[in-house]
Amino acid sequence: MAAETASVPATSAPAETERLRLAKAAIRRGKLRTRWLLLSPALLTIVLVGLLPLSIILVYSFLEPGTYGGVRWVFSTDAYVQFLFERDLFEDTLTFNPAYLEIFWRSVELALLSTVGSLLIGFPTAYFIATRPPSRRNLWLFLITLPFWTNLLIRTFAMMLILRDEGVINIILMKLGLIDQPLVLIYTDGAVFLGLVYSYLPFMVLPIYAALEKLDFRLVEAAYDLYATRGKVLRHVILPVAKPGLVAGCILVFVPGLGAYITPELLGGGKSLMIGNMIAIQFGNSRNWPFGSAASLILMAIVLVALLVYVRYAGRRRGHG
Amino acid sequence: MADRTLQTTAPGGKPAGRRPFDLKRQTGFSEIAWFCLFVLYAPIAVLIVFSFNDNRSVTLWTEFSLRWYRSALNNQGIQNAAMISLQVGAVATLVSTFFATLAALATTRNERFRGEGLVYAVINQPLMIPEIVTAVATLALFALIKQLTGVGGIGYLMLAHTVFCIPFAYMPIRARLEDMNLTLEQAAADLYATPLQVFRRITLPLMMPGIVAGAMLAFVVSFDDVIITLMVAGPGETTLPIYIFGQMRRGITPETNAVSTLIVLLSVVLVALLFFFGKRRR
């Protein structure tokens, strides 16, 4: 329409280009519509079944628990109060109770420790792989990736077989005559730590490898030429290049470790609860959905902080190499 | 252990008895890498070895036997659970791969559009939220729907699986599409093929490896899921991992090892196929 009102009638060229521009815009709009149409099944499914439930959890955390699971539609902040305080049923007074706080703290601690543990093994491994010739590199990557695709439950079960009282470690140590009584390995925080490292180690290796793959070894050579030691090369040349991968790897180990359910359930026994188990219990036997919802939200908040750290330190593009 | 580090300096240039200086070497790193492989594979190896143990004890070796495989394959509970797993896995794989294919077509090989970052965030959302939170939140949603409509069934479980399978199906399809260039499709269009013909004869066959890879990953992820299934599955909807999870908590027998070995084998075969199939295509 605007093409007809073109102010210069002398040549038709500007009008033509204007018309062309409009036509192109129309085509682009059509394409855009098609693209949203193509996206809609996936997006709708995820929004309705993946994101909508999170808002339900938010609402539920401010309600009262139902008698047989579920919720009663009465506003209440008890779920959050319950975190720190215990309500005395007779006197209706609140006393400070750190039990849940301790579970959260233990979870954060275990997740952090397992992140450090994976880092100590994962970084040298990733560096070693990145310095192999390309043909060997692929094999190594395959071997590191494969456990990630095998069932986590089964891998944790395999860890049980190693750590049990009559497990492989104890049997070997007793055969060697080093111990008479089996060591208590399983159902401890240590077992959960080992299980978490074992579970998420590939998550640490892969992103660090991806970062190190870009390392230009001429820089390393230059550093050695300038009399750097191996330690200095590691600290001043290799680590800065690896940093985005290091941060990504740490997040990828920390986040699932924090919300872990299977590992503490099988290796931690009843005494070493983590947040994940506590949430599951609230939706199962003890049936306090609002409290479970509140715990889920607090867990999500911690994860969000971790993700923000990631965006802050790894997401940003760096000006120089 | 033999020194496996790459020698980057030319041989012969250095005096004998001294190893040539290796630029890429860092002390102790190769040992740690081999240790890493050992840590990743030793437990699985133990699991597999003892699945062939005749003894009832899980970790006391007596003699080789296939009895636990026989017992596992004849176990009615395991058979039913495997059927449920296959059904849920098949539906979740088909639906999620279809949705992911459409989404990948919409998000690649085009100019960027507004909201694209948000779209990626939404698609990858199942990967960013702790699984236990997704599990209880989905449980809450489904409980609410069931309460309002009275409709039950295994469809809920399939739907829940479909959601977390989408990002896994999406990634390889998207990667494949980004690797493809537009020349063949443009050539076909120049030769008067209709858009539908171009898509069916050119685009679809070219993106097929990505779709197959996506479907395989989606199936593996669905087949392995524990936490979400544990929360969402109703009675009579016990999948294989849930069944063996129950066995592990009640007290383990080598039968658990046997089933576990079979499941590991399935994943390994699928992923290995995918890996080497993908390599040859490049």
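No value in this document is a laboratory result; all are computed from the given coordinates. Remember, it's a predicted structure, so these values are computed and weren't measured experimentally. Methodologically, a virtual Cβ is constructed for each residue, glycine included, from the backbone with ideal geometry; neighbour enumeration extends over all protein chains shown.
Going by average Cβ neighbours within 10 Å, how do the peptides B:79-90, A:203-214 rank, with the highest at the top? Don't skip to the answer; put the middle values down first.
Values: B:79-90: 17.9, A:203-214: 21.6.
The packing order, highest mean first, is A:203-214, B:79-90.
Report ³J(HN,Hα) in whole Hz for each residue of the range A:80-86, in order, from the Karplus equation J = 6.51 cos²θ - 1.76 cosθ + 1.60 where θ = phi - 60°; Gly and Pro get x.
7, 4, 4, 4, 9, 10, 10
Taking amide H positions as placed in the peptide plane 1.01 Å from N, state which residues far from A:G70 in sequence (5 or more) or on other chains have amide H under 5 Å from it.
Long-range HN contacts for A:G70: A:W289.
Using modelled amide H (1.01 Å from N, peptide plane; none on Pro or chain starts), what sits under 5 Å from the amide H of A:L63, excluding residues fewer than 5 places away?
Distant-sequence amide H within range of A:L63: A:S76.
Round to a whole angstrom and tell me the spacing of the C-alpha centers of the range B:138-157 and the range A:12-65.
Cα centres, the range B:138-157 to the range A:12-65: 27 Å.
Residue by residue through A:159-172, how many Cβ atoms from other chains fall within 10 Å of the Cβ on average?
4
Can you spot the aspartates and glutamates whose alpha carbon is less than 18 Å from A:K175's alpha carbon? Ignore those fewer than 8 places along the same chain.
Within the straight-line limit of under 18 Å, A:K175 reaches these aspartates and glutamates: A:D165, A:E166.
Provide the FRET efficiency to the nearest 0.05 for the A:L178-B:A193 pair, computing r from the beta carbons and using R0 = 51 Å.
Between A:L178 and B:A193 the formula returns 0.10.
Which residue fluctuates most in the GNM of chain A (Cα springs below 10 Å): A:L178, A:L297, A:L201?
Evaluated over chain A, the most mobile residue of the options is A:L178.
With a ≥ b ≥ c the root eigenvalues of the C-alpha gyration tensor of chain B, is it rounded (a/c under 1.5), prolate (a/b larger than b/c) or oblate?
oblate
Along the range B:220-226, what does the Karplus equation 6.51 cos²θ - 1.76 cosθ + 1.60 (θ = phi - 60°) give for ³J(HN,Hα), rounded to whole Hz, x for Gly and Pro?
Ordered by residue, 3J(HN,Hα) equals 4, 5, 5, 5, 8, 5, 10 Hz.
Pulled fully out, how much extra length does the chain show between A:V305 and A:L37, if you take 0.36 nm times their separation in residues and subtract their Cα-Cα distance?
Values: separation 268, 0.36 × 268 = 96.48 nm, distance 3.37 nm.
Computed gain between A:V305 and A:L37 is 93.1 nm.
Give the average, rounded to an integer, of partner chain Cβ atoms located within 10 angstrom of each Cβ in B:139-147. Show your work: numbers first, answer last.
Values: counts 9, 13, 9, 2, 6, 5, 0, 0, 1.
So the per-residue partner count for this stretch is 5.
Top mean-square fluctuation among B:R174, B:R56, B:R200, Gaussian network model of chain B, C-alpha springs under 10 Å?
The residue that fluctuates most here is B:R200.
Treating cross-link reach as a plain straight distance, find the aspartates and glutamates whose alpha-carbon is under 14 Å from the alpha-carbon of A:K232, omitting any fewer than eight places away in the same chain.
By straight Cα distance, A:K232 reaches A:E221.
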